[in-house]
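**Student:** The following block contains the structure, expressed as structure tokens.
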Amino acid sequence: MILAILLQMRGIDVVVLERGTRVDVLSRIRAGIMEPGIVQFLRDSGIETRIDQLGRPRNGSRIVWQDRPDVVIDVKRWTGAEMMAYGQTYLTEDLYAQADRLGTQLFDDVTELAVTGLQGNRPQVAFKTPDRAVEITCDYVIGCDGGRGHCLGLIPEAARQVHERIYPFGWLGIMVEAPPLDDVTYIHHSEGFALAAQRGPNLSRYYVQTPLDQGVEQWPDVRFWQTFLTRAPKDVADAVVTGPSIEKALTPLRSRVVEPLRWGRLFLAGDAAHLVPPTGAKGLNLAINDVRLLSQALIAHFEEGDDGLLERYSTDALARVWAASDLSWRLTRLLHVFPGEPSFDDRLRQFDYDRLLESEDRQRALALDYAGING
């Protein structure tokens, strides 16, 4: 939607296909911790959002550690800029509203998608909606359809590499209609990781690390809260407003990067191109960075006949993707308990955290990575 609006504002025709209905899309409550550069890009781009009215500026995030002092990933101190908590649901509402004003061609509830001609000059896209069959001829196809979408499979296996790491645990998360903690709080405990996150002024998301063979049905609210409050230090536990869950889900953790991000007339962006563990809060930021690069490249192609940025898109985007994947892996390794790991690995984790506590240089480097500045 962001890419469509950016292109349409420059007079470039765009068609957007969505698997779900608008109601489905707007009912998804997702994370939304944005880097300073991404927030500024949205402000400068002409995308009309309510970030400055509804967003919550954040200095950074807090790490608390069992039997050790805590540390703040202090983005404001080390960069002078702030992170922004702005839920993806709000952003999606903004995008639908602007697309409606622009008259964007948007088809939802799409099924039976078929894409051909990607190695030629004019790809064809065929699909069905509940009331008709549609065929479109276009210049480019942009796959923004997520990690389980259709577009990744359009690239032959011989033409792509998929680099992947599967983590031996997941996050069991609940949503609660209650005020969140002031800070996004990462928790390391000998029994596992936990996280207190924010979704809105009266909407909180909490997570605990759990084995993948323990489904949602094995986590009634009472067990979840007992586990979370046990892992949290007393000051955090005392500040948490508990309540009945309004949403509960188990999220497996994985890292994945696809190379290259272009095949003929197809470009991949967002989760179709890469997945990162949510530990580093990078998913939304990477997706927006992808379409920032793609919008610049497509505008240069259509307005100036210059294909240099299109040719470089995969290389340029992947540089940022690998930087974010590195941060997400480092934070995941630092904060989680890996089942069956040797005591050597656990002692290294403690050593890494102690070095972070003692070194302002390391704290600054982590803040820059977290803010997306080193990438």
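**Student:** Within region 146-189, restricting attention to residues that are charged (D, E, K, R) and touching a strand residue (DSSP E or B) at 6+ places or on another chain (Cβ under 8 Å), which residue is surrounded by the most Cβ atoms within 10 Å (Cβ to Cβ)? Show your work before the answer.
**Tutor:** Start the filter on region 146-189 by keeping residues that are charged (D, E, K, R), which leaves 148, 157, 160, 164-165, 177, 182-183.
Within this subset, residues satisfying the condition of being touching a strand residue (DSSP E or B) at 6+ places or on another chain (Cβ under 8 Å) are 160, 164-165, 177, 183.
Numbers: R160: 16, E164: 10, R165: 15, E177: 14, D183: 21.
Within region 146-189, the match that is surrounded by the most Cβ atoms within 10 Å (Cβ to Cβ) is D183.
**Student:** Further, regarding this structure: Among the residues of region 333-346, are any under 18 Å from S61 (Cα atoms) and not in a helix (DSSP H, G or I)?
**Tutor:** The first filter runs over region 333-346 and keeps only residues under 18 Å from S61 (Cα atoms), leaving 333-336.
Checking which are not in a helix (DSSP H, G or I) leaves us with 336.
Yes: region 333-346 contains one or more residues that are under 18 Å from S61 (Cα atoms) and not in a helix (DSSP H, G or I).
**Student:** Name the residues in region 177-195 that are within 25 Å of D213 (Cβ to Cβ) and in a strand (DSSP E or B), would you? Give the derivation first.
**Tutor:** First, the residues of region 177-195 that are within 25 Å of D213 (Cβ to Cβ): 186-195.
Scanning region 177-195 gives Y186, I187, H188, A194, L195.
**Student:** Another question, then. Note down all Cβ pairs under 7 Å where the first residue falls in region 316-335 and is among the acidic types (D, E), the second is assigned to a helix (DSSP H, G or I), and they're at least six residues apart or on different chains.
**Tutor:** Between residues of region 316-335 that are among the acidic types (D, E) and residues that are assigned to a helix (DSSP H, G or I), the close pairs are D316/L293.
**Student:** Could I ask something else about it? Given the structure, is R320 out of contact with any Asp or Glu (no Cβ under 6 Å at 6 or more places or on another chain), surrounded by fewer than 18 Cβ atoms within 10 Å (Cβ to Cβ) and closer than 27 Å to P36 by Cα?
**Tutor:** Numbers: out of contact with any Asp or Glu (no Cβ under 6 Å at 6 or more places or on another chain): yes; surrounded by fewer than 18 Cβ atoms within 10 Å (Cβ to Cβ): no; closer than 27 Å to P36 by Cα: yes.
Considered against the rule, which asks whether it is out of contact with any Asp or Glu (no Cβ under 6 Å at 6 or more places or on another chain), surrounded by fewer than 18 Cβ atoms within 10 Å (Cβ to Cβ) and closer than 27 Å to P36 by Cα, R320 comes out as no.
**Student:** Consider H150 against the criteria (1) touching a Leu at 6+ places or on another chain (Cβ under 7 Å); (2) within 23 Å of R19 (Cα to Cα); (3) in contact (Cβ under 8 Å) with a residue 40 or more places away in the chain: it satisfies all of them except one. Which criterion is unmet?
**Tutor:** Failing condition for H150: (3).
**Student:** If you check G308 against the conditions, is it of a type in the set (G, A, S) and at positive phi?
**Tutor:** Working: of a type in the set (G, A, S): yes; at positive phi: no.
No; evaluated as a whole, the condition is false for this residue.
**Student:** Then there is this: Can you name every residue in region 210-239 that is touching a residue at least 60 places away in the same chain (Cβ under 8 Å) and either closer than 12 Å to W171 by Cα or polar (S, T, N, Q) (or both)?
**Tutor:** Across region 210-239, the qualifying residue is only P211.
Table: residues versus (1) farther than 20 Å from I166 by Cβ; (2) aromatic (F, W, Y); (3) surrounded by fewer than 15 Cβ atoms within 10 Å (Cβ to Cβ).
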position: D271; (1), (2), (3): no, no, no
position: R292; (1), (2), (3): yes, no, no
position: H301; (1), (2), (3): yes, no, no
position: L334; (1), (2), (3): no, no, no
position: R349; (1), (2), (3): no, no, no
position: R362; (1), (2), (3): yes, no, yes
position: A367; (1), (2), (3): yes, no, no
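**Student:** Looking at region 52-75 only, could you name the residues that are more than 22 Å from A367 (Cα to Cα) and either surrounded by 14 or more Cβ atoms within 10 Å (Cβ to Cβ) or basic (K, R) (or both)? Spell out how you get there, then give the answer.
**Tutor:** So in region 52-75, the residues more than 22 Å from A367 (Cα to Cα) come out as 52-54, 67.
Result: L54, single match.
**Student:** Quick one: is S325 touching a His at 6+ places or on another chain (Cβ under 9 Å), of a type in the set (S, T, N, Q), under 29 Å from G215 (Cα atoms) and assigned to a strand (DSSP E or B)?
**Tutor:** On the way: touching a His at 6+ places or on another chain (Cβ under 9 Å): yes; of a type in the set (S, T, N, Q): yes; under 29 Å from G215 (Cα atoms): yes; assigned to a strand (DSSP E or B): no.
No; evaluated as a whole, the condition is false for this residue.
**Student:** L284 - would you say it is of a type outside the set (F, W, Y), under 24 Å from A4 (Cα atoms), more than 19 Å from the chain's Cα centre (by Cα) and surrounded by 19 or more Cβ atoms within 10 Å (Cβ to Cβ)? Before the answer, list the steps.
**Tutor:** Working: of a type outside the set (F, W, Y): yes; under 24 Å from A4 (Cα atoms): yes; more than 19 Å from the chain's Cα centre (by Cα): no; surrounded by 19 or more Cβ atoms within 10 Å (Cβ to Cβ): yes.
When the stated conditions are applied, L284 does not pass them.
**Student:** Next question. Across region 120-134, what is the total count of residues that are touching a Phe, Trp or Tyr at 6+ places or on another chain (Cβ under 8 Å) and not aliphatic (A, V, I, L, M)? Break it down stepwise before answering.
**Tutor:** Here is the first cut: in region 120-134, the ones touching a Phe, Trp or Tyr at 6+ places or on another chain (Cβ under 8 Å) are 123, 127, 129, 133-134.
Narrowing the set further to residues that are not aliphatic (A, V, I, L, M) leaves 123, 127, 129.
Looking only at that region, the number is 3.
No lab work stands behind these numbers, since they all come straight from the coordinates. All figures in this text were calculated on a predicted structure; none of them were measured in a lab. Cβ: placed from backbone, ideal geometry, glycine included. Neighbour counts: every protein chain shown.
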